[in-house]
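Enquirer: I have a structure here, written as structure tokens, and I will follow up with some questions on it.
The values are calculated or read from the model by the stated rules, or taken from the named source; none is laboratory data. Predicted model only: the values in this text are computed from it and were never measured. We place every Cβ from the backbone using ideal geometry, glycine too, and count neighbours over all the protein chains shown. When the accessible area is computed, the model is the full protein with side chains, heavy atoms only, and any ligands, DNA or RNA have been set aside. Shrake-Rupley method; radii C 1.70, N 1.55, O 1.52, S 1.80 Å.
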Amino acid sequence: MDVIYDCLIIGGGLAGLTCGIRCASNGLHTAIISGGMNSLHFSSGSIDIAGYNTKGEIIKKPFDYLKTMIKENSAHPYAKTGIPGVRESLNFITGKFMEEGINLNHNNDMNHFHVTTLGTLKPTFLSQESVFNTDVADIANSHNKIAILNFKGFRDYYPEQTAANLKKNSMFKDKEIILGDISLPYYLNTEKNLHEFRSIDLARIFETERYLPRIAEEIKKASGGASIVSLPAFIGIRNYKTIRSKLQEMTGKFIYEIPSLPPSILGLRLDNALKNSFINLGGEYIAGERVVSGSIKNNQVEFVTTRNSGNIPVQSKFYVLTTGSFFSGGLAAGFDNISEPLFGLKVKGENKRSKWYNSNFFDRKSHPFLGFGVETDSKFNPVSGSGKTIKNLFCAGSVLSGYNPVSEGSGGGVAVSTAFKCAERIIKEIKND
Ligand SMILES: Cc1cc2nc3c(=O)[nH]c(=O)nc-3n(C[C@H](O)[C@H](O)[C@H](O)COP(=O)(O)OP(=O)(O)OC[C@H]3O[C@@H](n4cnc5c(N)ncnc54)[C@H](O)[C@@H]3O)c2cc1C
């Protein structure tokens, strides 16, 4: 069997794509096999590094807090990437996003708040320029009226709920909030029931240039005297910047987006941008395919097989497992056990089901199962079921153990930094070969 790839990445979410881009940009023959949707399609499209401490308090300066995080938990993935590694990886990926036309804003190394679908404010580190961020907060502070709009017939967003929760926040408590619905022109020409529309259908309507003047008129009508207007985040997937600035010009209002229920257009923008970047660098992106098994011999991955390749093995010098957590199938839960399904890797977590979750669903400490995952050494090499380190396999992203993305608010940062680190190790090994 000939070695086909330098690096084969299993899973094409934020971690897999970051690793792929880093490897491909160093000239490695790299492929990503990705089975389906990833967490970005469900996310707010912002990248969190560290939002909360162990008491659930909000972290203002995440990079300062990483020192405490690592001190308190030496098994944390950030302890293995190192703090400079986190910064380097974020600089790298924001650069790649910028090349693809997406500016991710941060607030001078501090966390900022973004408004969630529910109208709560959540700390994050990097946000798209079109959502609520520090700049929007400054503009909102200087106006008394804001409008929160939805689309007639769209069932996946409730502006009343957003407004009610925003009112609980000191920044919004004295504001007059105007709620309104806008009707989209496309509705007039379709037989489709309005209730069947999802965020992607709406984003496509925004991308149809000739509809924009009519949409602008609807926005003006529905927003009353408010000069700041929020819409659920549907202002196009690819050319959202131009669409937003045209709508702002046509309405004379400042428009920002609020993340919506999945599929998340904000997340899709990031996903598209990373895929483009990877493919433009010569990477091979194999979509809709799943790795079904991996063969390990002499503490090395020999090959993997995929759903469509049958018994034909796919080989690489190095492999990176970025299959995500339970949500994406990277970890599996049996009745009383958890496992990593492809290689049978050693997993850290509780087997006793009653210890997987807290009785309070919304407990600030979140649920223990979110911290379960594959155990690795300091280089992100995992340990096989027989207890041996596998040298040509690396693990990154939410398949890893040692951290809780929800209670820490660290999901995006861990995915990017661990993936980048794995890529760096592979690049080094290939160069030394
Ligand atoms: C609902 C949700 C919302 C989130 N919101 C945010 C947020 O706003 N900000 C933030 O910073 N973090 C957020 N996170 C956390 C963060 O998005 C994730 O930690 C990060 O994106 C995980 O990336 P990943 O690449 O490790 O895994 P994933 O994104 O889960 O990707 C794994 C990929 O692997 C594929 N796969 C699995 N098994 C196989 C197989 N056998 N063969 C081939 N492919 C396979 C899956 O189909 C999937 O595409 C959120 C997470 C979730 C679940």
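Enquirer: Tell me which lysines have Cα within less than 18 Å of K55's Cα, excluding those fewer than 8 residues away on the same chain?
Expert: K67, K71, K122, K365
Enquirer: Give, as ranges by residue number, the residues of segment 137-173 whose backbone N falls under 14 Å from the point 7 Å along Cα→Cβ of Q248.
Expert: It comes to 137-140, nothing else.
Enquirer: Tabulate in residue order the Karplus-calculated ³J(HN,Hα) for segment 284-298, using 6.51 cos²θ - 1.76 cosθ + 1.60 with θ = phi - 60°, rounded to whole Hz; enter x for Gly and Pro.
Expert: Result, ordered by residue: 9, 9, 9, 8, x, 10, 10, 6, 10, 7, x, 9, 10, 9, 6 Hz.
Enquirer: Roughly what would the spin-label model give for Y211 and A137, points 7 Å off Cα along C-beta, in nm?
Expert: 3.4
Enquirer: Here is a follow-up. Roughly how many percent of the accessible protein surface of segment 132-258 is carbon and sulfur, given a 1.4 Å probe and a whole-percent answer?
Expert: Values: 2760 of 5930 Å².
Looking at segment 132-258 in its full context, I get 47 percent from C and S.
Enquirer: Still on this structure, please answer the following. When the chain is fully extended, how far beyond the present Cα-Cα distance does A164 get from N108, taking 0.36 nm per residue of separation? List each step's numbers first, then the result.
Expert: Values: separation 56, 0.36 × 56 = 20.16 nm, distance 3.01 nm.
Answer, rounded to one decimal: 17.1 nm.
Enquirer: Given the options K71, K80, K122, state which has the largest fluctuation in a GNM of the chain using a 10 Å cut-off (strictly under) for Cα springs.
Expert: Top of the fluctuation ranking is K71.
Enquirer: Something else: When the accessible area of segment 1-57 is computed with all protein chains present and a 1.4 Å probe, what percentage of it is carbon and sulfur?
Expert: On the way: 900 of 1830 Å².
Ligands and nucleic acids excluded, carbon and sulfur give 49 percent.
Enquirer: Among F132, F335, F369, determine the one that fluctuates most according to a GNM of the chain built with springs between C-alpha atoms less than 10 Å apart.
Expert: Answer for the Gaussian network model of the chain: F335.
Enquirer: Still on this structure, please answer the following. Using a 10 Å cut-off on Cβ atoms, rank the peptides 216-224, 17-25, 168-176 from the highest mean neighbour count down. Mind dumping the intermediate values first?
Expert: On the way: 216-224: 18.0, 17-25: 28.1, 168-176: 12.1.
Put in order of decreasing packing, that is 17-25, 216-224, 168-176.
Enquirer: In addition: Among the lysines, select those whose C-alpha is under 21 Å from the C-alpha of K275, and discard any that sit fewer than 8 residues away in the same chain.
Expert: K96, K241, K421
Enquirer: Comparing E88, E196, E408, which has the greatest mean-square fluctuation in the GNM of the chain with Cα pairs linked when under 10 Å apart?
Expert: The residue with the greatest mean-square fluctuation here is E196.
Enquirer: Accessible area per residue for the chain in Å², computed with a 1.4 Å probe and the full protein assembly in place, what is it? Mind dumping the intermediate values first?
Expert: Working: 18770 Å² over 433 residues.
Value for the chain: 43 Å² per residue.
Enquirer: For the chain, find the longest principal axis of its Cα atoms and tell me its angle to the long axis of helix 14-25, 0 to 90°, nearest 10.
Expert: For 14-25 against the chain, the angle is about 70 degrees.
Enquirer: How about K428: which aspartates and glutamates have a C-alpha closer than 17 Å to its C-alpha, ignoring those fewer than 8 places off in the same chain?
Expert: Correct list for K428: D6, E88.
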